[in-house]
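Participant: The structure that follows is given in the form of structure tokens.
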Amino acid sequence: MSIILGINTHHNGSVALICDGKVKSAIQAERISRVKRQPLPLERDIKLTAKCVHYCLDAADFEYSDIEAIALCTPQKLTKINDLDLFRYIGGIPKKYAETFYVPHHFSHMEYIAHYGNLEPGIILIIDGSGSLEEDRLFFNVREKYHSKVIDYIQFGGKEVISAYWFDGLTSSLIYRFSPSHHPNDEINKGTDLLQSIGQYWEWASLYCCGSRNDAGKVMGLAAFGDVDQMSEKTSLSITDKCELNLNFIELKKNFKDPNILSLDLSNSKHHQNLALKVQSETEDVILKLLGILKEKYPTDTLYYCGGVALNVVANERIKSSNLFKNVVLNGSVEDNGTAIGAGLAASIQLGYKRKSSVITDYYGRKYSHEEIMEAVAEYNFSHKVLSDKELFEHAADLIKKEKIFGWFQGGSEFGPRALGNRSILANPSSPTTKHILDHYMKCRDRYRPYAPVVIEEKANQYFDINTSSPVMMRNVKVLDKGLVAITHFDETARIQTVNKKDNEILYLLLLEVEKKTGYPILLNTSFNLPGEPIVESPHDALSSFSRGALDNLFLGNVLISR
């Protein structure tokens, strides 16, 4: 038996446990530290690192002595760690340790997404803010193979920002890379601290529109309000016919001089809405042009897509509707948390174990027992009642019919950035008051930001323009039913999650009961957390959030908590 730990040490720090080529458990450090986007610098936060590793071992029922190898990934400067120090950081000593693997950032993204495509040959595209330093290539002990016809724009002082691989079902080879200089004083960067990077274009837009580099999702939502006729005519982001990316910093500095430094609600700001649409449109155009060129050179019906930019569901839908590929493989942890899984899988293959494939899922967290739930409940002075399964679904559906909003804590937690019905706040998608209540009293969100629906998979096409599954909210489709006002965005779309009985039986059965009460097999599904906090992980987290928030009801497993 092969037990390998994968660790991402940078932002969205995470740990994953790989057993015999399959993901057994995974956790983001933020869920334990309760600090959003928590990095995991091993030597500087030993206690947190050990907690994350112990979480994964405990969830998969393994011991420190079972660990065969550890795989590390970071987009920062590579620093190798002595094995004894590494064991001290993770909190225990393996018995028969093979090796520590150092895995390039984009290669980790690549191995992550390759795991979910049924080993179909295809192109794997990685786009993010930035990855590994080119000067570190020689120091990785997991190395990429280069295709004989690779297109590369690689500077020695550069950082990878786009990579593409050809995957034959077993092995991969690099077919494209863009690694621009990361030095601010270089002419191409025009004195900024930004790279020639699609991901960092979004970081700039996020900072300009929202006052933070980490709010690209808000900018994507804002773009729906933009007016294409009022967009800046000068293109800022482009790509040549030879696949060379260009981000025009001079144009950005010249035309955009009204940053939202106070992080105000931009629901009525046409300037920022039009900028968001410009960034969104240019991103889509560049990605589609690059994919068209790559597909012409490497004909295939399958695209694997990963990296932080792949969280942009609007661009994902544009790729899907372009019909360049019949099969687009996406999973929920395409941002940096997923590189812990990818690094672990890369190490598994490096050790000679067989490459395997898994169904698309993000349910990699541990489950909490009824006893653990009751221990947490005992710490709070809330009334509670233990329900049968039948009572659980009936009571929750009754609350939805009455247009109530509640917390829903079930099963193993989600690994990625989106709640998928196990650590969720659920509400009536057809109520005209739902969004207002969530925006103003619970989530405290800008009015322009949409909420997502979750729907029974086999009935999804009755309410949405979709004919395939979307289990991890990576599709953005047209809403066909005018009654679903709480989950319909300004452009009449929704970021949809579909559910079947096999993937999440508890949520599926709840949706069936909701359909009986309301006529819709649909719920509004948003993450269970207070503003500025990560999604809840444990029963204690859920009760802490509930105690400080405005929800009236919380379902912890089969326990109903009420104010």
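Participant: Exactly one of these conditions fails for GLY365: (1) open to solvent by less than 30 Å² (accessible area, probe 1.4 Å); (2) part of a helix (DSSP H, G or I). Give me its number.
Facilitator: (2)
Participant: Filter the range 475-500 for residues that are open to solvent by less than 40 Å² (accessible area, probe 1.4 Å) and of a type in the set (Ser, Thr, Tyr) and give the result.
Facilitator: Those that are open to solvent by less than 40 Å² (accessible area, probe 1.4 Å) and of a type in the set (Ser, Thr, Tyr): THR493, THR498.
Participant: In the range 536-563, which residue that is open to solvent by 40 Å² or more (accessible area, probe 1.4 Å) and of a type in the set (D, E, K, R) is nearest to PHE464 (Cα to Cα)?
Facilitator: That would be ASP552.
Participant: Ok, one more. Could you figure out which of (1) open to solvent by less than 40 Å² (accessible area, probe 1.4 Å); (2) in a loop (DSSP other than H, G, I, E, B) isn't true of GLU533?
Facilitator: (1)
Participant: Among the residues in the range 514-526, are any in a strand (DSSP E or B) and among the charged types (D, E, K, R)?
Facilitator: No; the residues of the range 514-526 include none that is in a strand (DSSP E or B) and among the charged types (D, E, K, R).
Participant: Just checking, which of ARG495, ARG445, ARG449 is of a type outside the set (Val, Ile, Thr) and modelled with pLDDT under 95?
Facilitator: Every option except ARG445 fails the conditions.
Participant: For the range 434-464, which positions are surrounded by fewer than 17 Cβ atoms within 10 Å (Cβ to Cβ) and closer than 24 Å to ILE360 by Cα?
Facilitator: GLU458, LYS459, ASN461, GLN462
Participant: Before we move on, is GLY411 touching a residue at least 40 places away in the same chain (Cβ under 8 Å) and on the phi > 0 side of the Ramachandran plot?
Facilitator: Yes; evaluated as a whole, the condition is true for this residue.
Participant: Would you confirm whether or not the range 421-429 contains a residue that is in a loop (DSSP other than H, G, I, E, B), of a type in the set (S, T, N, Q) and out of contact with any helix residue (DSSP H, G or I) (no Cβ under 7 Å at 6 or more places or on another chain)?
Facilitator: Yes, because at least one residue in the range 421-429 is in a loop (DSSP other than H, G, I, E, B), of a type in the set (S, T, N, Q) and out of contact with any helix residue (DSSP H, G or I) (no Cβ under 7 Å at 6 or more places or on another chain).
Participant: Would you mind stating whether LYS320 is assigned to a loop (DSSP other than H, G, I, E, B) and either within 30 Å of ILE506 (Cβ to Cβ) or open to solvent by less than 30 Å² (accessible area, probe 1.4 Å) (or both)? Don't jump to the end; show me each part of the working.
Facilitator: Values: assigned to a loop (DSSP other than H, G, I, E, B): no; either within 30 Å of ILE506 (Cβ to Cβ) or open to solvent by less than 30 Å² (accessible area, probe 1.4 Å) (or both): yes.
Spelling it out, it is not the case that LYS320 is assigned to a loop (DSSP other than H, G, I, E, B) and either within 30 Å of ILE506 (Cβ to Cβ) or open to solvent by less than 30 Å² (accessible area, probe 1.4 Å) (or both).
Participant: Within the range 332-353, can one find any residue that is under 17 Å from LEU125 (Cα atoms), of a type outside the set (Gly, Ala, Ser) and part of a loop (DSSP other than H, G, I, E, B)?
Facilitator: Looking for residues that are under 17 Å from LEU125 (Cα atoms), of a type outside the set (Gly, Ala, Ser) and part of a loop (DSSP other than H, G, I, E, B), one finds at least one in the range 332-353, hence yes.
Participant: Could you tell me whether GLU513 is out of contact with any Pro (no Cβ under 8 Å at 6 or more places or on another chain) and open to solvent by 10 Å² or more (accessible area, probe 1.4 Å)? Explain how you work it out, then say what you get.
Facilitator: Working: out of contact with any Pro (no Cβ under 8 Å at 6 or more places or on another chain): yes; open to solvent by 10 Å² or more (accessible area, probe 1.4 Å): yes.
Yes; evaluated as a whole, the condition is true for this residue.
Participant: Identify all residues within the range 89-114 that are surrounded by fewer than 24 Cβ atoms within 10 Å (Cβ to Cβ) and part of a loop (DSSP other than H, G, I, E, B); write none if there are none.
Facilitator: Within the range 89-114, GLY91, GLY92, ILE93, PRO94, LYS95, LYS96, TYR97, ALA98 meet the criteria.
Participant: Has the range 228-239 got at least one residue that is at pLDDT 95 or above, under 26 Å from ILE151 (Cα atoms) and open to solvent by 20 Å² or more (accessible area, probe 1.4 Å)?
Facilitator: yes
Participant: Return the pair list, or none, for Cβ contacts closer than 7 Å from residues in the range 152-170 that are within 20 Å of ARG355 (Cα to Cα) and at pLDDT 95 or above to residues that are aromatic (Phe, Trp, Tyr) and assigned to a strand (DSSP E or B), at least 6 apart or on different chains.
Facilitator: Note: pairs meeting the criteria are ALA164/TYR176; PHE167/TYR304.
Participant: If you take the residues of the range 244-264 that are open to solvent by less than 10 Å² (accessible area, probe 1.4 Å) and among the aliphatic types (A, V, I, L, M), which of them is nearest to ARG449 (Cα to Cα)?
Facilitator: LEU252
Participant: Still on this structure, I have one more. Could you go through the range 139-151 and let me know if any residue there is in a helix (DSSP H, G or I), open to solvent by 60 Å² or more (accessible area, probe 1.4 Å), in contact (Cβ under 8 Å) with a residue 12 or more places away in the chain and of a type outside the set (Lys, Arg).
Facilitator: Checked against the condition, which is being in a helix (DSSP H, G or I), open to solvent by 60 Å² or more (accessible area, probe 1.4 Å), in contact (Cβ under 8 Å) with a residue 12 or more places away in the chain and of a type outside the set (Lys, Arg), the range 139-151 yields at least one hit.
Participant: How many residues, within the range 265-289, are open to solvent by 30 Å² or more (accessible area, probe 1.4 Å), farther than 12 Å from LYS218 by Cβ and not in a helix (DSSP H, G or I)?
Facilitator: 1
Participant: Limited to the range 122-138, what total is found for residues that are under 21 Å from ILE341 (Cβ atoms) and either aliphatic (A, V, I, L, M) or open to solvent by 10 Å² or more (accessible area, probe 1.4 Å) (or both)?
Facilitator: Residues that pass the stated criteria total 7.
Participant: Which condition breaks for ASN118 when tested against (1) assigned to a loop (DSSP other than H, G, I, E, B); (2) open to solvent by 30 Å² or more (accessible area, probe 1.4 Å); (3) of a type outside the set (D, E, K, R); (4) more than 28 Å from GLY307 (Cα to Cα)?
Facilitator: (4)
Participant: Here are some residues: GLY169, GLY158. Which one is crowded, with 18+ Cβ neighbours inside 10 Å and not basic (Lys, Arg)?
Facilitator: Criteria check complete, one pass: GLY158.
The values are calculated or read from the model by the stated rules, or taken from the named source; none is laboratory data. Just so you know, these numbers come straight off a predicted model, no measurement behind them. Neighbour counts run over all protein chains shown; Cβ positions are idealised from the backbone, glycine included. Only protein heavy atoms, including side chains, enter the accessible area calculation; ligands, DNA and RNA are left aside. Shrake-Rupley method; radii C 1.70, N 1.55, O 1.52, S 1.80 Å.
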